[in-house]
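Let me begin by presenting the structure, written as structure tokens, before commenting on it.
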Amino acid sequence: MGRKVVLVGCGNMGYAMLKGWLAAGRLAAGDVTVVEPNEGLRARAATHGVTVAADARELETAADLVVFAVKPQVIGDVVPAYRDLEGATYLSVAAGTGVATFEDLLGGEAAVMRCMPNTPAAIGKGMIVVFANRNVRPETKAFVDGLLAASGAVATVADEALMDAVTAVSGSGPAYVFHFIECLAAAGEKAGLPADTAKLLAMQTVYGAACLAKESGEEPGTLREEVTSPGGTTAAALGVLMGEERLVELVSAAVEAAKRRSVELGK
């Protein structure tokens, strides 16, 4: 018998996580209970063979892991109902909600983990960063990391304060990339390409470059240099992007703004 997991909330993120766990064989359907008050979402989860419940009162009294995939604004109303589950470790994917909030709601000795996924996790290509409090056992941390790996790459931070920087880089980061694709496609169209061709070139170029950066083992700077012939077209373009550190300063300012807002929202 595997570890018993309770997934609280099965909206877009919760459902993506559930599908990833089952598809990767990280969990068997019989080991998962989904608690979801919305009847339609509950029925969707049930098609995967998992046990479903409308609220916490329908649960057994023990669980190995409780995953909160709910909106931050309902944490205070939802979490206390799971306080007395024997042997449970608690994992939250609620943005901006610190571990201290869960310790207040569940008790100071509760084993609590917090993770920040990003939207590519929905297709198994995400970046998930985890923080665990002192009460989480190493073997449980390893188990949770394995579950999260079904949705993408997993990293750990030892200081929860770093989660604001995580939010600014990888949590919000996909939006930066999407906007770059928009800008590159628009520039291609302005240069004379048909709109659909410019869009395809921009998307595939960003996708291919990211894959190469991850899989080649080379530093991104080295890859950039390999593409850039002295006096060539790429060098001309990089002279605009890199001149006076324009792009460095712009991206740094964007990340700092996101980090600052994350800190404000967490207060």
Given the criterion assigned to a loop (DSSP other than H, G, I, E, B), surrounded by fewer than 21 Cβ atoms within 10 Å (Cβ to Cβ), within 17 Å of the chain's Cα centre (by Cα) and of a type outside the set (S, T, N, Q), identify the matching residue among GLY96, GLY108.
GLY96
Could you tell me which of the residues ALA253, ALA187, ALA213 is without any contact (Cβ under 8 Å) to a residue 24 or more places away in the chain and more than 30 Å from ALA161 (Cα to Cα)?
ALA187
Reported set for segment 206-228 where residues are in a loop (DSSP other than H, G, I, E, B) and either touching a strand residue (DSSP E or B) at 6+ places or on another chain (Cβ under 9 Å) or under 21 Å from LEU184 (Cα atoms) (or both) is THR228
Just wondering, is there one or more residues in segment 205-222 that are at pLDDT 95 or above and touching a Phe, Trp or Tyr at 6+ places or on another chain (Cβ under 8 Å)?
yes
Under 6 Å between Cβ atoms, which residue pairs at least 6 apart in sequence (or on different chains) link something in segment 145-164 that is surrounded by fewer than 21 Cβ atoms within 10 Å (Cβ to Cβ) with a partner that is assigned to a helix (DSSP H, G or I) and acidic (Asp, Glu)?
VAL154/ASP145
Could you identify the single residue in LEU41, LEU18 that is out of contact with any helix residue (DSSP H, G or I) (no Cβ under 6 Å at 6 or more places or on another chain), at pLDDT below 95, among the hydrophobic types (A, V, I, L, M, F, W, C) and at negative phi?
LEU18
LYS199 versus (1) of a type outside the set (Asp, Glu); (2) closer than 22 Å to MET127 by Cβ; (3) in a helix (DSSP H, G or I); (4) modelled with pLDDT of 95 or more: which is the lone unmet condition?
(2)
Identify all residues within segment 229-267 that are assigned to a loop (DSSP other than H, G, I, E, B) and over 30 Å from PRO72 (Cβ atoms); write none if there are none.
SER229, PRO230, GLY231, GLY232
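The values are calculated or read from the model by the stated rules, or taken from the named source; none is laboratory data. What you are looking at is a predicted structure, and each value in this text was computed from that prediction instead of being measured. Cβ atoms come from the backbone with ideal geometry, glycine included; neighbour counts cover every protein chain shown.
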